[in-house]
Amino acid sequence: MIYAFDETDADLTLMPMASRRALDAAGLKLSLASYQTLEVGDRRELVQLGAVPRVDVEAVRVVVGRAGGAIKRGRRRAGTP
């Protein structure tokens, strides 16, 4: 799901809220520069993963693993299913 306030383009150059939700659920942090190394299909997949009620954390990790650059581990967001 892409919200109007996301102000993104067809290539998802800026990280939509659903992508951030997916990363939070997986306890991962990805810089914008690293996010932008993902193929557009991977960016779309990350949006889809974050747009459902229950985030598939393993699938998020697989997609993020294809990104170039630093991937930081954070704490899983409390209350994220």
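Of all residue pairs spaced 6 or more apart or on separate chains, those with beta-carbon atoms under 7 Å, a first member in segment 2-17 that is without any contact (Cβ under 8 Å) to a residue 12 or more places away in the chain and a second member that is assigned to a loop (DSSP other than H, G, I, E, B) and open to solvent by less than 50 Å² (accessible area, probe 1.4 Å) are Asp6/Pro16; Thr8/Pro16.
Taking the options Leu38, Leu28, name whichever one is over 17 Å from Ile2 (Cβ atoms) and open to solvent by less than 60 Å² (accessible area, probe 1.4 Å). Spell out how you get there, then give the answer.
Working: Leu38 fails: over 17 Å from Ile2 (Cβ atoms).
One residue alone meets the criteria, Leu28.
Beta carbons closer than 8 Å, at least 6 apart along the sequence or on distinct chains, pair a first residue in segment 60-81 that is of a type in the set (Ser, Thr, Tyr) with a second that is open to solvent by less than 70 Å² (accessible area, probe 1.4 Å) and modelled with pLDDT of 70 or more for Thr80/Arg21; Thr80/Asp24; Thr80/Ala25; Thr80/Val55.
Looking across segment 1-35, the residues that are outside any helix (DSSP H, G or I) and under 12 Å from Lys72 (Cα atoms) come down to Gly27, Leu28, Lys29, Leu30, Ser31.
Only one entry of Val62, Val47 meets the criterion of being assigned to a helix (DSSP H, G or I), touching a helix residue (DSSP H, G or I) at 6+ places or on another chain (Cβ under 6 Å) and modelled with pLDDT of 90 or more, and that entry is Val47.
The values are calculated or read from the model by the stated rules, or taken from the named source; none is laboratory data. Just so you know, these numbers come straight off a predicted model, no measurement behind them. All Cβ positions, glycine included, derive from the backbone under ideal geometry; neighbour counts span all protein chains shown. Heads up: the accessible areas ignore ligands, DNA and RNA and are worked out on the full protein's heavy atoms, side chains in. Shrake-Rupley method; radii C 1.70, N 1.55, O 1.52, S 1.80 Å.
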